[in-house]
Amino acid sequence: MISIKNILTISRFEAKVLWRNWFFRILAIAGIGFLTIFNIAVFSEADVPRWAFLSNSWMMPYASLVLISIPQAAAVVFLATGLIKKDKKVDTNEVFFVRPISNLDYVLGKALALFKLFFLLNLIFVSISLIFNITSPYTTFEPLAYILYPLLTSMPTIMFTTGISFLLVTILKNQPISIVLLLGLAGVQLIYYFDQFSNILDFVAFRLPMFTSDIAGFQDMEFALMQRSFYFILGIAFLFMTAFLLDRLSSHKTTKVLTGVIGLAVLAFSSIIMLRLWDMRQDPIELREQMVSLNGQWAEEPNISILSHSIDLELSENEIMGNSAMLVKNNTPETLNKIYFSLNPGLKLDDVLVNGQSVPAAKNLHIVSIAKGFSLAPAQEMNVELKYSGTIQESAAHLEVDEERYESPLEYFMFSLQKKYAFLQSDYVLLTKDVMWYPDTQIGYSPKNHSTDKISFIDFQLRVKTRDGQMAISQGEPLINGNIYEFRPEYPLPQISLVVGDYVKKDIIVDSIEYAVYHYREHDFFEDHLDQLPDTLNSLITDLSNEYEDAQKISYPFKRLQFVETPLQFSAYTKVYETHQAYLQPETVFWPKRR
């Protein structure tokens, strides 16, 4: 059914015809000129470039491919519709029609010619970035970026636009109408569905979050691969359907039928991928709705207060194994025979002990309820221990944020970033209270209790075992014994956070307060600006601190202030009933590289 020789022959001669097309030549020259000017303006030594643009070694090729994605798709539409329609109009390929070449060979040969030229043009585009990358003293070089991004952005876009253009012009038999419809379809996606539905409909990958972090790598790569695979496979399905519907004499009826059947099978396979994509987008939304509903059921239930909380944590690849030993107290006026905790729905409850005795407990989504084995009178205290393990579901964070705001992208330069509320990877960990990585007695957002939430101050202790070469950062002075970090904050705190990674610490003590910056290796660009400050840095920090305290009429209450570099994708929200975002933790300021 398929002859590789025929396909390559058609492709070779069609590519020559396309290369002689002045529209393609003008497009290529314009694209090369535009990207050259762009790289000179943003990344070269023509001006001192901003560190935010150079701090990530993946940015240069990705920026070039994103910039030309929309014009390239429009160009493919014009040329692809012409490839099919011109044969009927001027009989340029009549010589093929009388030879034993199947419709599928004919269509695939033309598609391959178009694909080759545009993919080679994309390689020229990224080569421009490569030249600026390896010659700039400001940038680092990541060779994988120049391989991965063309495969993820250009290939699926070219294949899909070629396939849908071939199919539409074959059905309508009118090139101008086909072009108008296809450009209109692209316009509707860009205008009405821009950044909607997690960018599932973004067939050019203009806003699909695929920007990687030097700290934590790719985020949600599975979704990006599925989305790009969908459009690549759908383009192939359209090519088969074009061959089936093409108005020319077929060599064998069986071959034509088989072509149509395979086209439908590939189309069905792409539909399965789309359903999976929709589930990946919808599952977190449904989980959030279920959690909010469950919070409403527990909103009026009286509960205990935590006085002290000792957390023992072990990291294992993308999972944690935790043990939380708590001293709790009944501050309500009634005897409690049932208590509850909130814990991330991705964590499995392994065991529960009350005053050293194992008791039955139930976990429904994020609510752990204990209703047997104790009776707690008013003002009475008891010990509760929870053992748990598993992964962290980030969608459990920030339940009060509505769906539209939750799905809106995180903007950075010209890119759309995947929002991340936690990181739990073998090489990087970032956990805040928002993702419920340790048990708490506050259930979280519910329309029934959002105005009655109260802040509890708890005596925390944290013990975490890291991997070789990693540093743990949390509240309190760390006691380090090999790979084991112990944190004992000097005062009760409303929450505790944890960051683990390949950090370097730079600190200075001013007026009995330790000021520290934790940054990733080779992310020390700011040191060049501190050469002239050794003698005056202390006084500068003192002046800034006093100025801020006088303006706010408060004194800084902690013994340390640490700024911790985090991945670009780490995100938080401004909330009307909270005075801070997740970027601000006790003693700690999380500092995404984009800021």
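Keeping the other protein chains in place, figure out the carbon and sulfur percent of the accessible area of the chain, with a 1.4 Å probe. Write out the running numbers ahead of the final one.
Details: 16220 of 27400 Å².
Carbon-and-sulfur percentage of accessible area, whole number: 59.
Within the stretch 430-501, all pairs of alpha-carbon atoms sorted by distance into 10 Å bins from zero give the percentages 18, 45, 25, 10, 2.
Rounded to the nearest whole Hz, the Karplus-based 3J(HN,Hα) values (6.51 cos²θ - 1.76 cosθ + 1.60, θ = phi - 60°) of the stretch 463-473 follow the sequence 10, 9, 9, 9, 8, 4, x, 9, 10, 9, 10, with x at glycine and proline.
Positive-end ranking of 30, 360, 333 along the dipole of the chain, with charges on Cβ about the Cα centre, is headed by 30.
How many angstrom lie between the C-alpha centres of the stretch 1-33 and the stretch 220-246? Between the Cα centre of the stretch 1-33 and that of the stretch 220-246, the gap is 21 Å. In the calculated pair-distance distribution of the chain, the portion above 30 angstrom amounts to 62 percent of the Cα-Cα pairs.
A Cβ-based charge dipole, computed about the Cα centre of the stretch 284-422 with Lys and Arg at +1 and Asp and Glu at -1, lands at about 400 debye.
In this Cβ point-charge picture (+1 for Lys and Arg, -1 for Asp and Glu), the chain has a dipole of about 3640 debye about its Cα centre.
Across the cross-link table entries 110/253; 116/253; 338/433; 553/575; 338/559; 329/433, which are compared at the Cα atoms, the separations over 32 Å belong to 338/559.
Along the axis of the charge dipole computed for the chain (Cβ charges of +1 for Lys and Arg, -1 for Asp and Glu, origin at the Cα centre), the listed residues 267, 470, 194 are led at the positive end by 267. The magnitude of the dipole of the stretch 390-469, with charges of +1 and -1 set on the Cβ of Lys/Arg and Asp/Glu and taken from the Cα centre, is near 360 debye.
Residues 574, 242, ordered by accessible area of protein heavy atoms at a 1.4 angstrom probe radius and largest first, appear as 574, 242.
Within the chain, what percent of beta bridges assigned by DSSP are antiparallel, to the nearest 5? List each step's numbers first, then the result.
Numbers: 71 of 89 bridges.
Beta bridges within the chain, antiparallel portion: roughly 80 percent.
When the Cα positions of 536, 118, 492 are compared along the charge dipole of the chain, 118 comes out farthest toward the positive end, with charges on each C-beta of Lys, Arg, Asp and Glu. Once C-alpha pairs closer than 8 Å and six or more residues apart are averaged by separation and normalised to the residue number of the chain, the relative contact order reads 11 percent.
Separation of the stretch 268-293 from the stretch 403-444 is 18 Å, based on Cα centroids.
Rounded, prolate or oblate: which fits the stretch 370-487 when a ≥ b ≥ c are the square roots of the eigenvalues of the alpha-carbon gyration tensor, with rounded for a/c under 1.5 and prolate only if a/b beats b/c?
On the way: a/c = 2.29, a/b = 1.13, b/c = 2.03.
Judged from the Cα gyration tensor, the stretch 370-487 comes out oblate (a/c at least 1.5, b/c at or above a/b).
Among the GluC sites (Glu not before Pro) in the stretch 323-393, those located in a DSSP loop and surrounded by at most 11 other Cβ atoms within 10 Å of their own Cβ are 334.
How much accessible area per residue does the chain have, counting only protein heavy atoms and a probe of 1.4 Å, in square angstrom?
46
The values are calculated or read from the model by the stated rules, or taken from the named source; none is laboratory data. All figures in this text were calculated on a predicted structure; none of them were measured in a lab. All Cβ positions, glycine included, derive from the backbone under ideal geometry; neighbour counts span all protein chains shown. The protein model used for the area step is the full one, side chains on, heavy atoms only, and it has no ligands, DNA or RNA in it. Shrake-Rupley method; radii C 1.70, N 1.55, O 1.52, S 1.80 Å.
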